[in-house]
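One structure below.
The values are calculated or read from the model by the stated rules, or taken from the named source; none is laboratory data. None of the values given here were measured: they were computed from a predicted structure. Using ideal geometry, Cβ is built from the backbone for each residue, glycine included, and neighbour counts are taken over all protein chains shown. To get the accessible areas, we keep the full protein, side chains included, count just its heavy atoms, and leave off ligands, DNA and RNA. Shrake-Rupley method; radii C 1.70, N 1.55, O 1.52, S 1.80 Å.
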Amino acid sequence: MRGFNKVVIVGNLVADPELKGTLEKPRTSVAVAVNWVRMEAGAKKEGAYFFDVTVFGRQAENLAK
């Protein structure tokens, strides 16, 4: 039996979502920035990870709104 992997990304949108594709197969692309903070050798370090996300179907239409 095969399973599904699930990833939850919580962050800030880098730009407005873009709806593309056709009426039968819509897709929306968006970039998400996730900030991080950690202590390293007694100093506070900050940065961000950037994720490009593509969503298909009805979820793509809802995200574009």
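Among Val30, Val37, which is open to solvent by 60 Å² or more (accessible area, probe 1.4 Å), of a type in the set (A, V, I, L, M) and either without any contact (Cβ under 8 Å) to a residue 40 or more places away in the chain or not in a strand (DSSP E or B) (or both)? Step through it out loud before you land on a result.
On the way: Val30 fails: open to solvent by 60 Å² or more (accessible area, probe 1.4 Å).
Answer to the selection: Val37.
Those residues that are of a type in the set (Lys, Arg) and touching a strand residue (DSSP E or B) at 6+ places or on another chain (Cβ under 8 Å), I need them from segment 1-45; list them, please.
Those that are of a type in the set (Lys, Arg) and touching a strand residue (DSSP E or B) at 6+ places or on another chain (Cβ under 8 Å): Lys20, Lys25, Arg27, Arg38, Lys44, Lys45.
If you go through segment 18-27, how many residues are part of a strand (DSSP E or B), out of contact with any Leu (no Cβ under 9 Å at 6 or more places or on another chain) and open to solvent by 90 Å² or more (accessible area, probe 1.4 Å)?
Going residue by residue through segment 18-27, those that are part of a strand (DSSP E or B) are 18-21, 26-27.
If we keep only those that are out of contact with any Leu (no Cβ under 9 Å at 6 or more places or on another chain) too, we end up with 18, 20-21.
From what is left, the residues that are open to solvent by 90 Å² or more (accessible area, probe 1.4 Å) are 18, 20.
The total comes to 2.
Regarding Ala48, is this residue touching a residue at least 12 places away in the same chain (Cβ under 8 Å), open to solvent by less than 60 Å² (accessible area, probe 1.4 Å), in a strand (DSSP E or B) and of a type in the set (Gly, Ala, Ser)?
Numbers: touching a residue at least 12 places away in the same chain (Cβ under 8 Å): yes; open to solvent by less than 60 Å² (accessible area, probe 1.4 Å): yes; in a strand (DSSP E or B): yes; of a type in the set (Gly, Ala, Ser): yes.
Answer is yes for this residue.
Return the residues of segment 1-17 that are out of contact with any Leu (no Cβ under 6 Å at 6 or more places or on another chain), within 15 Å of Phe51 (Cβ to Cβ), open to solvent by less than 100 Å² (accessible area, probe 1.4 Å) and part of a loop (DSSP other than H, G, I, E, B); say none if nothing qualifies.
Of all residues in segment 1-17, those out of contact with any Leu (no Cβ under 6 Å at 6 or more places or on another chain) come to 1-16.
When the remaining residues are screened for being within 15 Å of Phe51 (Cβ to Cβ), the result is 5-15.
Now drop any that are not open to solvent by less than 100 Å² (accessible area, probe 1.4 Å), which leaves 9, 11-12, 14-15.
Scanning segment 1-17 gives Ile9, Gly11, Val14, Ala15.
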